[in-house]
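Comments concern the structure below.
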Amino acid sequence: MPELPEVETVKRTLNVLIKGKQIEYVTVRLARIIQRPDDIQAFANMLAGHSVVNVERRGKFLRIVLDGLVLVSHLRMEGRYGLFQKNDPLDKHTHVIFHFTDGTELRYTDVRQFGTMHLFQPGEDLRLPPLNKLGQEPLEPAFTPERFKEIVAGKSTKIKSLLLNQEYVVGIGNIYVDESLHRAGIHPEDSAKVLSGEQLDNLYEAIVSTLTEAVNAGGSSVKSYVNGQGESGSYQDQHLIYGRKDQPCVSCGTMIEKTVVGGRGTHYCPNCQRPTAI
């Protein structure tokens, strides 16, 4: 958390808030957020004078595209951006401040301090870590049923673990994997290779529809997530399975169970998501 729908929503709000603004200077209050370059003063010096051209997304990462640089930002568990006036009170968890020439400030806050920022020359960011090994974007035209089947074909990995692996399909985290598997009627511990073509078609449709609906709802605010304008998402109100342990399944009334798959808490309906017979 945040996953693709939440990062997509932050991307869209940041484009409204900061697109076209010029950075006057940058203040770094917590050095470990800055991963590249490893010198925070160099990071600040490189950004000074550059303007925001666009804000884009790659998987769960934000790409803040400047005129001559690309800032890659991962929010991790608790990271968030907000636009403030320079005289607004400063939250104690504010770690990086981008001061714009118009007197506003883009502030990055992170209670858990797990977020990261990498600064690149244009084009470098897609060839180097952390973006260089990311897999297929699930909401782009290239993500077809056929492409999805190519990705999972023959793999003995549990389907939930496979979907969480960002080298195959990007942006789907714990919430949306559980939701998609439930919609498709697939048990999270099924091996990918035992799933039929029809099951994979159903799962493909479930992934696309779940993510699309979540983006339209502004993401899920199950903990502290808000978008760049400080607004919560509403998709948590539409969750069919995630976070509903010991509540009745909306499809069949069976009590939802929770287990652990690949180290992640996993919600499923034992009736609607029965293991696939081999």
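The values are calculated or read from the model by the stated rules, or taken from the named source; none is laboratory data. These numbers were taken from a predicted model, which means no experiment stands behind them. Cβ atoms come from the backbone with ideal geometry, glycine included; neighbour counts cover every protein chain shown.
Could you check, for region 45-56, whether at least one of its residues is out of contact with any strand residue (DSSP E or B) (no Cβ under 8 Å at 6 or more places or on another chain), within 21 Å of P129 (Cβ to Cβ) and either without any contact (Cβ under 8 Å) to a residue 24 or more places away in the chain or not in a strand (DSSP E or B) (or both)? There is no residue in region 45-56 that is out of contact with any strand residue (DSSP E or B) (no Cβ under 8 Å at 6 or more places or on another chain), within 21 Å of P129 (Cβ to Cβ) and either without any contact (Cβ under 8 Å) to a residue 24 or more places away in the chain or not in a strand (DSSP E or B) (or both). Scanning region 130-160 for residues that are polar (S, T, N, Q) and under 30 Å from M117 (Cα atoms), which turns out surrounded by the most Cβ atoms within 10 Å (Cβ to Cβ)? Once the filter is applied, the top-ranked residue is Q136.
Checking region 1-12 against the condition returns no match, with no residue being out of contact with any His (no Cβ under 7 Å at 6 or more places or on another chain) and over 28 Å from I207 (Cβ atoms). Go through region 51-62 and give me each residue that's more than 25 Å from G219 (Cα to Cα) and either surrounded by 19 or more Cβ atoms within 10 Å (Cβ to Cβ) or touching a Lys or Arg at 6+ places or on another chain (Cβ under 6 Å) (or both). Residues satisfying the conditions do not exist here. Looking across region 88-144 at every residue that is at pLDDT 95 or above and of a type in the set (G, A, S), the one that is nearest to V52 (Cα to Cα) is identified as G103.
If you check T109, T94 for being in contact (Cβ under 8 Å) with a residue 60 or more places away in the chain and either farther than 27 Å from A206 by Cα or among the β-branched types (V, I, T) (or both), only one passes: T94. Screening Y81 against (1) assigned by TED's automatic domain parsing to the domain that holds E205; (2) touching a residue at least 40 places away in the same chain (Cβ under 8 Å); (3) aromatic (F, W, Y) leaves a single unmet condition, (1).
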